[in-house]
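**Student:** Pasting a structure below so you can have a look.
The values are calculated or read from the model by the stated rules, or taken from the named source; none is laboratory data. What you are looking at is a predicted structure, and each value in this text was computed from that prediction instead of being measured. Ideal geometry is used to build each Cβ from the backbone, glycine not excepted, and the neighbour counts take in all protein chains shown.
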Amino acid sequence: MVVGQTGALASVGKRPRRSVAQHARYLAARHVSGVIGAVGILLVVLVALLAGILATHSPTATDATNRLLGVGVDGHLFGTDNLGRDVFSRTVYGTRVSLIVGFGVSLVAIVAGVAFGLVAGYYRRVDSLLMRLMDALMAFPGIVLAIGIMAVLGQSLVNVIVALGIVYMPRVARLVRSVVLGLRERQFVESARALGLPDRRILVRHILPNTWSPVIVQATFIFAEGVLGEAALSFLGIGPPPTIPSWGNMLGEARQFIREAPLLMIFPGTALTLMVLSLNLVGDGIRDLLDPRLRRRL
């Protein structure tokens, strides 16, 4: 009788297993904002992939006879800019530049930051030197440091990615270092050292996988800040060349005509705002999903 009661209690306390579809619906219900952000990012990616189909005109073709046209005039959905270029087509093609820059900046910042963070957190001899270097980079305002790097490297899309990647790399390095400092004294790391495993293998096989959760969350926010950083540099005239249709270039050129044609700034500005908002919502959702305290409730 006691055994039967114990089995019944065990069956009552055990959670029923959810199917994959049920688990997905449960996560979507708990993280509505993350789902909304993911849908927004998916739409941006689709627009970037289908830019050649969606664009009604060439994004770089000029027409001096059709300058500053209004919305919907002569087949221009968003009108034209000061050089007669189609604003809708330039906005659509600008999604490609923003995605390329955001992904590139995240990649550079994550790869360099993880490398510096692993070395600084694991080797105490170089910890102080590397962290003082990171502190020196973080002492400069981000946009000022990016402007200085662009002044040295020159004006190009690749240099924008490198400059912004250097700007955001220190925060990743400090984040990874803080995680490695806690992992370095854990029992599984000491066991790996006792077995005689080389430091490189310990870092790659045992420590690095435990740093990915905070790094992935940080990558989403760096992606968003990279998009904003490119727009800021382009607005100041030191981003990608003006021949490349980007939202920052469009905003920079439109500021001279904000009284005559305010829509020239509204359309690319709205696209930039929605993309950054979607990225932040996705980052918040990923952070909640990777939180161990929340995972235990799922």
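**Student:** Determine if the range 44-60 includes at least one residue that is surrounded by fewer than 15 Cβ atoms within 10 Å (Cβ to Cβ) and in contact with a Lys or Arg (Cβ under 9 Å, 6 or more places away or on another chain). Reasoning before the result, please.
**Tutor:** Keep residues of the range 44-60 that are surrounded by fewer than 15 Cβ atoms within 10 Å (Cβ to Cβ), which gives 45-46, 49-50, 52-53, 56, 58.
Of the ones still in play, those that are also in contact with a Lys or Arg (Cβ under 9 Å, 6 or more places away or on another chain) are 49, 58.
Scanning the range 44-60, I find at least one residue that is surrounded by fewer than 15 Cβ atoms within 10 Å (Cβ to Cβ) and in contact with a Lys or Arg (Cβ under 9 Å, 6 or more places away or on another chain), so the answer is yes.
**Student:** Considering each of L77, L107 in turn, give the residue that is of a type outside the set (V, I, T) and not in a helix (DSSP H, G or I).
**Tutor:** Working: L107 fails: not in a helix (DSSP H, G or I).
Every option except L77 fails the conditions.
**Student:** Restricting to the range 164-197, name every residue that is more than 15 Å from the chain's Cα centre (by Cα), farther than 17 Å from A120 by Cβ and crowded, with 16+ Cβ neighbours inside 10 Å.
**Tutor:** Narrowing the range 164-197 to residues more than 15 Å from the chain's Cα centre (by Cα): 170, 173-197.
Then keep just the ones that are farther than 17 Å from A120 by Cβ; that gives 186-188, 190-197.
A192, the sole residue that qualifies.
**Student:** Checking the structure you have, find out if any residue of the range 241-258 is under 29 Å from P141 (Cα atoms), in contact with an Asp or Glu (Cβ under 6 Å, 6 or more places away or on another chain) and among the small types (G, A, S).
**Tutor:** Checked the range 241-258: at least one residue is under 29 Å from P141 (Cα atoms), in contact with an Asp or Glu (Cβ under 6 Å, 6 or more places away or on another chain) and among the small types (G, A, S).
**Student:** If you check every pair at least six apart or on different chains, which have Cβ atoms under 6 Å apart with a residue in the range 93-118 that is in contact (Cβ under 8 Å) with a residue 60 or more places away in the chain first and a residue that is hydroxyl-bearing (S, T, Y) and not in a helix (DSSP H, G or I) second?
**Tutor:** Every condition considered, the pairs that remain are G94/S246; V97/S246.
Every residue, every condition in (1) out of contact with any Cys (no Cβ under 9 Å at 6 or more places or on another chain); (2) farther than 23 Å from I222 by Cβ; (3) crowded, with 24+ Cβ neighbours inside 10 Å, yes or no:
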| position | (1), (2), (3) |
| --- | --- |
| L77 | yes, yes, no |
| T80 | yes, yes, yes |
| D86 | yes, yes, yes |
| G94 | yes, no, yes |
| V97 | yes, no, yes |
| G102 | yes, no, yes |
| A109 | yes, no, yes |
| A112 | yes, no, no |
| A115 | yes, no, no |
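**Student:** Going through D135, D127 one at a time, which residue ends up being touching a helix residue (DSSP H, G or I) at 6+ places or on another chain (Cβ under 6 Å), part of a helix (DSSP H, G or I) and of a type in the set (D, E)? Steps first, answer last, please.
**Tutor:** Numbers: D135 fails: touching a helix residue (DSSP H, G or I) at 6+ places or on another chain (Cβ under 6 Å).
That would be D127, the only listed residue that is touching a helix residue (DSSP H, G or I) at 6+ places or on another chain (Cβ under 6 Å), part of a helix (DSSP H, G or I) and of a type in the set (D, E).
**Student:** Taking the conditions exactly as written (buried (at least 22 other Cβ atoms within 10 Å of the Cβ), modelled with pLDDT under 85 and in contact with an Asp or Glu (Cβ under 9 Å, 6 or more places away or on another chain)), does G285 satisfy them or not? Lay out the reasoning, then the answer.
**Tutor:** Numbers: buried (at least 22 other Cβ atoms within 10 Å of the Cβ): yes; modelled with pLDDT under 85: yes; in contact with an Asp or Glu (Cβ under 9 Å, 6 or more places away or on another chain): no.
No.
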